[in-house]
Amino acid sequence: MTVAKQKVLALSGDEAVAYAVKQSDVDVIAAYPITPQTIIVERLSEYVHNGEVETEFLCVESEHSALTACLTAAAVGARAFTATASAGLALMHEILYVTSGCRAPVVMAVANRALSAPINIHCDHSDTMVERDSGWIQIYTENSQEAYDSIIQAFKIAENPEILLPVIVGLDGFFLSHTLENVKILPDETVKNFLGVRRFPSVKNHEGKLVPFRLDPENPLTIGPLDLYDYYFEHKRQQEEAMRRASEIIKQVHEEYANISGRRYGDGLIEAYRMEDAEIATVCLGSTAGTVKTVVDKLRYRGVKAGLLRIRTFRPLPVKEITAALENVKVLGVMDRACSFGGFGGPVFHEIRHILYDAPTHPHVANYIYGLGGRDMSYMLINQIYQDLQKILETNRIEKLVQFIGLRE
């Protein structure tokens, strides 16, 4: 397939997300403003007001209502989008589970922001990490270009009849949401053709008829009813099976998109950077990966076999891909921009260490919690992590399993 001709626009991460939604032929947008997400829905409301899109824009009284509106819109067959951050996502918490349980393929952008208290408007991943078991696919982006590309892919992933699960696309608050970058934009028609129209699987309704899986008065069926112990367990298992199938669908959609855009982010699940012969490496999510790559390049120049594994898709967790990428690593540092209070390390650390328990090889694994509340993760601090990993490699011993980096002790 030929890569489409693209124009370059100077966009913040929020504007890049809004532009992607604009091109995705979305039927319903429901949102409530919250920093640092607000620019997304501001731009979308302008597109609607100016007649640039045929989209119903719902101004609601809360984030809880915003996601409820998107859930019901998706249930009747609409393509639906919302955006939020921090306390807004926390207020949606109940409806996240309802949305995934009803198999409503809503796409939501989250401009990652710390949770209160104390009140903080800057970036960490505590808001989306709370929702990692809510049944939503989670994609974390490194830059504004990837935020644009991931939103478009998210609609195709969510609406796949084999999946029908909602998707969160995370972009780091302020680091990406408010930072201007050059973003390559696909032609409107190319995006429209890539996504197509929403397809529906056929299900049997109460009359025994095969009907599309959506609410329709002409072909009535029930979505999300009372579901006690006689069937609830089976329905939860179906969600898990859909999440497992999603890994291959994410990779397929990512490759299809690469064919028209010329851009790849690893295999769509993980991005391995200079990992072929790496002896020491870090694992991270989000925008920090860009700075880590610079540190890795400098270390490589000095002869240090350093690498980076960036997890792009945190749910479903790409277990096989992560294990394969780390098979030759001797010392691993897992970087968490969130804290699991009382949980002995951060949430990404828990996942990675768990994966490696049954792996053929067992590298030393240390945890580095950083950047809470938007504290900058500088080149020097990342270099400090790699120095610690080198020390562990030399001594074959971890002095401190969980560390807080860049903290005033």
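None of the figures in this text is laboratory data; all of them are computed from the coordinates on show. Just so you know, these numbers come straight off a predicted model, no measurement behind them. Backbone-built Cβ (ideal geometry, glycine too); neighbour counts: all protein chains shown.
If you place +1 on the Cβ of every Lys and Arg, -1 on the Cβ of every Asp and Glu, and leave all else neutral, what size is the dipole of the chain about its Cα centre, to the nearest 20 Debye? Present the calculation step by step, with values, prior to reporting the outcome.
On the way: 41 positive and 52 negative charges, 216 e Å.
Once rounded to the nearest 20, the dipole reads 1040 debye.
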> Taking Lys192 as the anchor, which aspartates and glutamates have their alpha carbon closer than 16 Å to its alpha carbon, excluding any fewer than eight residues away along the same chain?
Replying inline: Asp25, Asp27, Glu52, Glu54, Asp149, Glu159, Glu256
> About the Cα centre of region 270-405, what is the dipole size in debye to 20, counting +1 per Lys and Arg Cβ and -1 per Asp and Glu Cβ, all else neutral?
Replying inline: 240 debye
> When only Cα pairs under 8 Å and 6 or more residues apart are kept, what is the percent relative contact order across the chain?
Replying inline: 16 percent
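FRET efficiency for Ser378 and Val211, Cβ-Cβ distance as r, R0 = 60 Å, nearest 0.05? Intermediate values should be presented prior to the final figure.
Working: r = 57 Å, r/R0 = 0.95.
Calculated transfer efficiency: 0.60.
Going by C-beta contacts inside 10 Å, put Thr282, Thr361, Thr179 in order with the fewest on the left. Walk me through the intermediate numbers first.
Working: Thr282 28, Thr361 11, Thr179 16.
Fewest to most other Cβ atoms nearby, the residues stand as Thr361, Thr179, Thr282.
To make sure I understand, if each residue's beta carbon is the centre and we count other beta carbons within 10 Å, what order do Ile270, Ile119 fall in, fewest to most?
Numbers: Ile270 21, Ile119 10.
Ordered from fewest to most neighbouring Cβ atoms within 10 Å, Ile270, Ile119 come out as Ile119, Ile270.
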> What is the distance, in nm, between label points placed 7 Å from the Cα along the Cα-to-Cβ direction at Thr294 and at Ala87?
Replying inline: 3.4 nm
> Rounded to the nearest 500 deg cm²/dmol, what is the calculated helix-only ellipticity per residue at 222 nm for the chain, with -39500 (n - 2.57) per DSSP H run of length n ≥ 4?
Replying inline: -12000 deg cm²/dmol
> For region 270-405, what ratio Rg/Rh do Cα atoms give with a Kirkwood hydrodynamic radius?
Replying inline: 0.92
> What nm value, rounded to one decimal, do you get for the distance between Asn219 and Tyr97 when each label is placed 7 Å out toward the C-beta?
Replying inline: 3.1 nm
> In terms of Cα to Cα distance under 18 Å, which aspartates and glutamates are near enough to Lys209, apart from those fewer than 8 places away along the same chain?
Replying inline: Glu218
> Using the Cα gyration tensor of region 2-61, with a ≥ b ≥ c the square roots of its eigenvalues, what is the shape: rounded (a/c below 1.5), prolate (a/b larger than b/c) or oblate (neither)?
Replying inline: oblate
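Can you compute the FRET efficiency between Glu42 and Phe200 using 1/(1 + (r/R0)^6), with r the Cβ-Cβ distance and R0 = 30 Å? Round to the nearest 0.05.
Values: r = 32 Å, r/R0 = 1.07.
Approximately 0.40, to the nearest 0.05.
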> With point charges of +1 on the Cβ of Lys and Arg and -1 on the Cβ of Asp and Glu, referenced to the Cα centre of region 13-157, which listed residue (Gly101, Ala114, Ser86) lies farthest in the positive direction of the dipole?
Replying inline: Gly101
> Looking at region 189-269, which chymotrypsin sites (Phe, Trp or Tyr not before Pro) are in a loop (DSSP not H, G, I, E or B) and have at most 12 other Cβ atoms within 10 Å?
Replying inline: Tyr229, Tyr231
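Order these peptides, 216-225, 332-341, by their mean beta-carbon neighbour count within 10 angstrom, highest first. Present the calculation step by step, with values, prior to reporting the outcome.
On the way: 216-225: 11.4, 332-341: 22.3.
Highest to lowest by the protection proxy: 332-341, 216-225.
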> How far, in nm, would the chain grow between His354 and Ala10 when pulled straight, counting 0.36 nm per residue and subtracting the alpha carbon separation?
Replying inline: 119.7 nm
